[in-house]
Amino acid sequence: MLAQETTSTPNAKLTVILPAFNEEPFVASVIEKTKQTLSQWSQSWEVIVVDDGSTDRTAQIAADASVKILRHDENLGYGASIRDGIKAADGEWIAILDADGSYDPSLLLELLECLPQYDQVNGARNSEQGSLKFLRTPTKWAIRRLAEWVSGRKIPDLNTGFKVFKRNIAMRYLWVLPEGFSCSTSLTLAFLCNGYRVKYIAIPYRKREGKSKFHPVRDTLNYILTIIRMMTFFRPLRIFLPLAFAFGGIAVIKGLFSIFTSESGLHDADVILAVAAVLIFSLGLLADLIVSQKR
């Protein structure tokens, strides 16, 4: 269930979404710094705190700060908080940042300066501050390279949680946003894979206080699955063509081997591999046609 409290700002130019789960020690400071920063911006704005089923005083502190609050009765996940925040936003533009203080809200102004030339502006973190850095760094590098291959674009920071983007574009792709941390990755790839203008700005990143809610194994697997889904949704040939060529190559090599080494010539397996290559290639073309028509 989702409950909404306090007031909104009709026709706001910008909505800042702060997803929060048990961030009692930090949320007040982040809200205050965000409001101070936005007071220097010439356009209208609003702040939404999405309390994702917190068991501490996060929601009460946000209410005391006089911002719009969305409450989940239970912990649904980071992605669910972002989706609900986007739906409830009155702003033409959406900004998201974490409520744990790891991003400096004052950097919002630097991102906002890039509007409206770009459809999405991302803060690219200049360091890795998460736990298990010796595992996270190479894993995130490999995942980022996969995402760059899918999108055909250079991606300095794939899953940054500090970004500004156009709401009406994001609304078209809410259906691809998962409920976990890979929501940020999905938002980035949805814009990149569909030809929108995306910019990255280098920003400092602070190690969060308290315990991280990132699960290294589960959330890493979700990131990989997210990229595979995005390939299927927006760039299906990136999956089907390599598979088709792989099956086709194996079929040719195995077929030649059978012809030259077997008295009976081609085997059933050789024919099956060749047919599989043709079918996968045909499915890829059909999927690409469907995606092109939807786009």
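We did not get these values from a lab; they are worked out from the coordinates using the rules stated. What you see is a predicted model; the values in this text were computed from it and never measured. Cβ placement follows ideal geometry from the backbone for every residue including glycine, while neighbour counts extend to all protein chains displayed.
What the table below lists for this structure:
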| read-out | value |
| --- | --- |
| Computed E for I250/R197 - FRET, C-beta separation, R0 51 angstrom, nearest 0.05 | 0.80 |
| Charge dipole (segment 2-234, unit charges on Cβ, about Cα centre) - positive-most of A20, G79, Q36 | G79 |
| Chymotrypsin sites (Phe, Trp or Tyr not before Pro) within segment 229-295: DSSP coil, no more than 15 neighbouring Cβ in 10 Å | none |
| Distance between segment 13-64 and segment 249-295 - C-alpha centres, whole angstrom | 55 |
| Percent RCO, i.e. relative contact order, over segment 2-234, from Cα pairs under 8 Å lying at least 6 residues apart | 23 |
| Projected area, mean over directions - the chain, Cα convex hull, nm² | 17.9 |
| For the chain, built as a Gaussian network whose Cα springs stay under 10 Å, the top-fluctuating residue of T220, T261, T58 | T261 |
| Of K35/K199; K140/K254; K140/K199; K35/K154; K33/K166, those spanning more than 28 Å from alpha-carbon to alpha-carbon | K140/K254; K35/K154 |
| Using alpha-carbon coordinates, inclination of helix 78-88 to the longest axis of the chain, degrees | 60 |
| Helix 268-294 vs. the chain, principal-axis angle (Cα, 0 to 90°, nearest 10) | 30 |
| Evaluated at q = 0.21, 0.27 Å⁻¹: base-10 log I(q)/I(0), Debye formula over Cα of segment 224-295 | -0.82, -1.07 |
| Kirkwood Rh and Cα Rg combined as Rg/Rh, segment 56-127 | 0.97 |
| Gyration tensor (alpha-carbon) shape descriptor, segment 1-116, a/c threshold 1.5 | prolate |
| Residue among G248, G101, G91 with the largest mean-square fluctuation in a Gaussian network model of the chain, springs linking Cα atoms under 10 Å | G248 |
| Between 0 and 90°, nearest 10: helix 237-261 axis offset from the chain longest Cα axis | 20 |
| Within a Gaussian network of the chain (alpha carbon springs, distance under 10 Å), most fluctuating of L97, L189, L273 | L273 |
